[in-house]
1. For B:Leu143, indicate whether it is in contact with a Lys or Arg (Cβ under 9 Å, 6 or more places away or on another chain), closer than 27 Å to B:Ala34 by Cα and more than 14 Å from chain A (Cβ to nearest Cβ).
2. Taking segment A:108-145, which residues are part of a strand (DSSP E or B) and surrounded by 14 or more Cβ atoms within 10 Å (Cβ to Cβ)?
3. Looking at B:Leu293, B:Leu246, B:Leu250, B:Leu301, which one is within 14 Å of another protein chain (Cβ to nearest Cβ) and either touching an Asp or Glu at 6+ places or on another chain (Cβ under 6 Å) or over 30 Å from B:Tyr37 (Cα atoms) (or both)?
4. Please indicate, with yes or no, whether at least one residue in segment B:66-83 is under 22 Å from B:Thr140 (Cα atoms), modelled with pLDDT of 95 or more and away from chain A (no Cβ under 13 Å).
5. Which residue is nearest to A:Asp180 (Cα to Cα), if the candidates are limited to segment A:306-320 and must be away from chain B (no Cβ under 14 Å) and hydrophobic (A, V, I, L, M, F, W, C)?
6. Please go through segment B:53-109 and give me each residue that is in a helix (DSSP H, G or I), within 12 Å of B:Leu131 (Cα to Cα) and polar (S, T, N, Q), ordered by number.
7. Could you check segment B:118-130 and list, in sequence order, the residues that are buried (at least 22 other Cβ atoms within 10 Å of the Cβ), over 10 Å from the mean Cα position of the chain (by Cα) and not in a loop (DSSP other than H, G, I, E, B)?
8. Run A:Ser97 past the list (1) more than 25 Å from the chain's Cα centre (by Cα); (2) surrounded by fewer than 17 Cβ atoms within 10 Å (Cβ to Cβ); (3) in a loop (DSSP other than H, G, I, E, B); (4) of a type in the set (Gly, Ala, Ser) and report the number of the one that doesn't hold.
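The values are calculated or read from the model by the stated rules, or taken from the named source; none is laboratory data. Just so it is clear, the structure is predicted and the values come from calculations on it, not from any experiment. Here Cβ is always computed from backbone atoms with ideal geometry, including for glycine, and neighbour counts include all displayed protein chains.
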Amino acid sequence: MITKNPGSWDFHGGIHRPDCKSMSAGKYLGKVPLPETLVLPLQQHIGAMAEPTVKVGDQVLKGQTIARVTEYIGAPIHAPTSGTVTAIEEHPVPHPSGLSAPCIVLQVDGKDTWDELPEPLPYFDDMDPSLLRERIRWAGIVGLGGAAFPTSVKVNHGPDRPIQTLVVNGAECEPYITCDDLLMREQADRVVEGIKVLLYVVDAEECLIGIEDNKPEAIAAMRKAVAESGLKDVQVVQVPTRYPMGGEKQLIKVLTGKEVPSNGIPSEIGVICVNVATAAAVTDAVMAGRPLLSRLVTVTGEGISTPGNLEVPFGVAMSHVIEQAGGYTDKAYKLILGGPMMGFTLGDDALPVTKGSNCLLAASREEAPPPDKARPCIRCGKCMDACPAQLLPQQLYWYARARDFEKTQEYNLFDCIECGCCSWVCPSHIPLVQYYRFAKTETWALEKEKRQAEDARRRHEARVERLERLERERKARLRQKKEALQKKTAAGGADPKKAAVEAAVKRVAEKKARQAEAEKSTEESS
Amino acid sequence: MKLPVHTSPYGSLPNNVTRVMGEVLLALVPGIIALVYYFGWGVLINIGIAVTTALAAEAGVLRLRKRPVRPALTDLSATVTAVLLAIALPPLTPWWMTVLGVLFAIVMVKHLYGGLGYNPFNPAMAAYVLLLVSFPVAMTQWLPPVLLNEHPLSFVQTLSAIFGGGLPDHLTWDTITSATPLDAMREQLKMNKTISEIAQNPMWGDFGARGWEWVGNWFLLGGLFLLWRKVITWHIPFAMIAGLLLASGLFWLFDPESMPFPGFHLFSGGMILGAFFIATDPVTAATTSKGRLVYGFLIGLTVFIIRTWGGYPDAVAFAVLLMNMAAPTIDYYTQPRVFGARDKDNA
C-alpha cells in the first residue's frame, strides 16, 4: 500500500531556532589531503567493538579490512589509505566522556594503493538480497546521520516484518550542519542509486525522501535525480523546518502518519529509515565494491575562517580538518562535534574523525555562551509543550533529581530521544537532558546490579539445591545399602551354608543313629 | 589545545524566569491603573509597601538559608507575589496588615517549603486568606468606585489613613467605605430581595458592578497579553471561566430572580484576575494540559459554590488553595499519551 498524502502529518512540540546553515551551505572545500598518521578507533559504531586483523608492523592497502566484526551488531574497519600499522593502543576518541579507547594507528605511505576489491554488482536485482546485505556488512556501513548504527543490521528486518516504506532522511534538522544538503545537491544520483539497492534489499513498496523546506536546492536536485532514475513510487517530500524533524520517529510520523511504538523500532510498523549519506555509501559498496573510507563533514561556526564541507577520510585528526577550512578565527571558543542541539563539546581537537562525525562546529562565545546557573523549576510546562516524545519533562526532572528511578521509568524516561528541546525552552535554564541521561545511566546500572543480584541469588539457590540433591542422593544410597544389608540379615536364618552344615550335621547324626541301631540289631540278631 | 566542555544544547537560550515574571508584571499594569483610577491612591501605596516588604523578606530568608540573594531578587517572583497580594487588598488596608500578609507569603508559604518552585500553595492567596480570616472587617471595607465616591481622599490623606489609621476630621470609616458588590449582592439576597430590585441600586453597571467591571476588563486585556506572549496557556483561564459560567448559568436559567447573572459573577471580585494571573501560577497549578483543564474547571465551580452557599462573598482565594492541594493528584491522573504508546490504536 502506498502512503497517501505523505508529509501531511505532524509531530508534537519541537522548536524553531535560527538554522545558521548559510555559513556553510553549498560550499564544498574539497577532499582533505592525507596527514602522516591516521588514528582509527575500533569502535566507531553502535554495537560490539571491531577486532583487529592486523599486527603492528603490517603493511596495509587502501580498502583492506583491518578490524573485523565479532558480533551480529557491529561493523568492520577498513584502512582509508595504504601504509603501515605502527600501533594498536588506547587513544583519545571523540566521546562525551573524553576517555580513551583502543585504536589502530596507521602510518600513511602516501601511495594510496588500493587493495584488491570485491567485484561491483551492477545487476544486483538478480541476486539474493542476503548477498547484498553481506556486501553492506563487509563495507562497514553505519548510519551516517550521526547515530552510527550498523546498516546491515537495520536492513535485515526478518521475514515476519514486511516493509512497506523506506524512509530516506534528508531532513538535516540540526542547525549549522549542511553535509547532507551538499550531498543531495551535488550527488543526488549517488543517493538515488543507493535507494534503488535498498528498496530491493528490504523489498519495500515505496520510498519517501523527507527534506526540510530550508533546502530548496537539495529538494530540486533530488526530484530531478528521482525523475531521471525512472523509479516508481519514490517521492521527495518537502517537510516543514522544525527541530527535531530529522529525528527518526518524528520524520516517520510526518511522512507516513505512523508512530514507532514506544521502546520499539521502525520495522515493527513496516518502515525502515536511513540517512541520505548512508544510501550513498550503499551505492559505493554495491556498484563499485568500495568500503566506507571517508565521509562529508561540515566544518562551520564563527570560529572557522572558511566554513564549508570537506570529504574527510576516517582517522584524520580534527585539527588537520580545521586547518583545511582555513583554521580557527579569534572568535573560536568551543569545539562541538555534531550540531548545537545534540552534539557534545570536545576538550581537545587532536581527536580522529570517525564514521559518526557529521559536523565540527567551532562556535564563538556568542554562539555558544557558557551555561547559566540553573534556577529552580517553576513548573511552567514549556518543556512539555516542546517535547516531541510527548513526555512530561518537568515530572521526569523532579523524579530524576530525587533519584526516584522507578518513577522516571513510570513517566517513560526511555522514550526520551535527548533532542534537547526541553533544555532549550526552559526559562530556568535547567540542563534537563543531562538529568535524563543521568537517570538513564543510573537505571541501567541499577538494572545491571539487579541482574547480577538475581544471578547471584539463582546461583546460590542452584548451589543449595545441588547440595541438597547430593545429600539426598547420598542418603538414598546409604539407605539402599542399609536396606540391602537388612534384607540379608533377615534372610540370615536360611543361610544355605549354615543350613547345609546343619543338614550335614543332621544327616551325620541320623546316620550315626541308624548305624547304632543297626549295630544294635546285629548284635541282637547275632 | 584545551577547550571548555559543557553539555548540549548550545546557544543563548530564548527564555528566562525574569522575562516570564517581568511580563506578568507588565500585564498587570492596565488593571492596576484602572484600580487606581476607580479606588484611589491606596492601591499604589499598598503595592509599594508590599513590594518593599517582599524584597526585604526574600533577601533576609535567603541570607538565613545561605543561598545567593541576587538571582532570587532579580527573578522578580517575590515582586509578583507582593503585587498580586497588594491588589487583592482593600485600598485603605492598614500598612501592618499588608506587611504581615507579605511576610507570611514569603517566609512561611514560600521559603519554609523550599523557596521558588517548591511551595505547594499560592503564596499571595494563602496570605490573603490569612488576612481575611484574621481581620474580616478590615478586609471587607472597600471604597466605593470613584463614580459613586462622595469623599475621595487625596494622596496625603490616603497615606495618613494607611499608616496612621487617621481620617480627615469630617469623615468616619463608615462614611467612606462600602461593601464590595459581591458582598452587597449577598446581603441583599439574604434579605429576600429579587435581583431586579437589587439592580436598581446605582452601584450596578452594564454587566457587573460599576467600576469593577472595567477593572476586570483591563485585567482581561493583560491576561490576553500573557496568552499572546505564551507566558500562560489558555487551559486554566478558559476552564476556570467555563466552570463558573456553566454553574452560574445553569442556576440563573432556573431562577433568574435569586441567582445573579453569570456575567456578574465573571466581572466581580477577583475572578478575571484570578483566572489569568493567580490560578495560572505554574508552581502551584496542575502541569499537564488535561490536568490544567480539570484544575481550572474545578476552581471555577468552587468559586460559584462558595459565593452562593458558602460563608464568604468572594471565593477565588479559597478555591485556588483547595485546588492547589488537588494539583498533584490531578497531574497523576491526567498524564498525556506518550508518542508511540502501545495502546489500542497503536498496537
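1. On the way: in contact with a Lys or Arg (Cβ under 9 Å, 6 or more places away or on another chain): no; closer than 27 Å to B:Ala34 by Cα: yes; more than 14 Å from chain A (Cβ to nearest Cβ): yes.
Taking the combined requirement at face value, the residue does not satisfy it.
2. Going residue by residue through segment A:108-145, those that are part of a strand (DSSP E or B) are A:108, A:114, A:142.
Within segment A:108-145, A:Val108, A:Val142 meet the criteria.
3. Details: B:Leu246 fails: within 14 Å of another protein chain (Cβ to nearest Cβ); B:Leu250 fails: within 14 Å of another protein chain (Cβ to nearest Cβ); B:Leu301 fails: within 14 Å of another protein chain (Cβ to nearest Cβ).
Exactly one of B:Leu293, B:Leu246, B:Leu250, B:Leu301 is within 14 Å of another protein chain (Cβ to nearest Cβ) and either touching an Asp or Glu at 6+ places or on another chain (Cβ under 6 Å) or over 30 Å from B:Tyr37 (Cα atoms) (or both), namely B:Leu293.
4. Filtering segment B:66-83 down to residues under 22 Å from B:Thr140 (Cα atoms) leaves B:81-83.
Still in the running and modelled with pLDDT of 95 or more: B:81-83.
Checking which are away from chain A (no Cβ under 13 Å) leaves us with B:82-83.
Checked segment B:66-83: at least one residue is under 22 Å from B:Thr140 (Cα atoms), modelled with pLDDT of 95 or more and away from chain A (no Cβ under 13 Å).
5. Looking only at segment A:306-320, we keep the residues that are away from chain B (no Cβ under 14 Å), and these are A:306-316.
Within this subset, residues satisfying the condition of being hydrophobic (A, V, I, L, M, F, W, C) are A:310, A:312, A:314, A:316.
Numbers: A:Leu310: 12, A:Val312: 14, A:Phe314: 17, A:Val316: 20 Å.
Only one residue fits best here, namely A:Leu310.
6. B:Thr98
7. Result: B:Pro123, B:Ala126, B:Ala127.
8. It is condition (1) that A:Ser97 fails.
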